[in-house]
1. Note down, for segment 1-52, the three equivalent ellipsoid semi-axes (square root of 5 times each alpha carbon gyration tensor eigenvalue), biggest first, whole angstrom.
2. Under a plain spin-label model, where a point goes 7 Å from the Cα along Cα-to-Cβ, how far apart in nm are residue 15 and residue 48?
3. Identify which of the listed values of semi-axes √(5λ) of the Cα gyration tensor in Å was calculated from the structure shown: (1) 32, 16, 11; (2) 29, 18, 15; (3) 28, 13, 12.
4. Using 0.36 nm times the number of residues separating residue 23 and residue 109, minus their current alpha carbon distance, what extension gain do you get?
5. In the chain, which helices (entire DSSP H runs) extend 20 Å or more along their own long axis, judged by Cα positions, while averaging at least -0.5 on the Kyte-Doolittle scale?
6. Using the Cα centre of the chain as origin and beta-carbon charges of +1 (Lys, Arg) and -1 (Asp, Glu), tell me which of 23, 83, 102 is placed farthest towards the positive end of the dipole.
Amino acid sequence: MAFKYLGHRIREERTKYRLTQEQLAEIAEVNESYIGQVERGEKNPSLETVVSLAKSLGVTVDYLLQEEVNVKPNSLINELISITKDKDSDEIRLMINICRMISQYTNKITKE
């Protein structure tokens, strides 16, 4: 498994949501000091723990384990996933329609 960027991504996602290591540890049901060790690259978590951390942070496992070169596009997708994870289908459909309207508007402006 590729753990090289795992700790960095976990810290990045945790701080984005203003979670402490203690809060993330409680949500993911792991030890607080373990979160710090993983973030610093001192420990490589089991697949089960990576899955738990990904769920707790609202990201995919592949995002946490991916190579550095793909961070930007996938992090935007993961951000969209995290925004919609607690929404029902009507709310998600509304968000999609708003995005389409914005896209059409910006396309119209750039063509003028």
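Since every read-out is calculated from the coordinates, none of them should be taken as a lab result. Source: prediction; values computed, not measured. Don't worry about glycine lacking a Cβ; one is built from the backbone with ideal geometry, like all the others, and counts go over all protein chains shown.
1. They are 16, 12, 10 Å, listed from largest to smallest.
2. 3.1
3. (1)
4. Separation in residues times 0.36 nm, less the Cα-Cα distance, equals 26.5 nm.
5. Sorted by number, the helices that extend far enough and score high enough are 89-111.
6. Most positive-ward Cα: 102.
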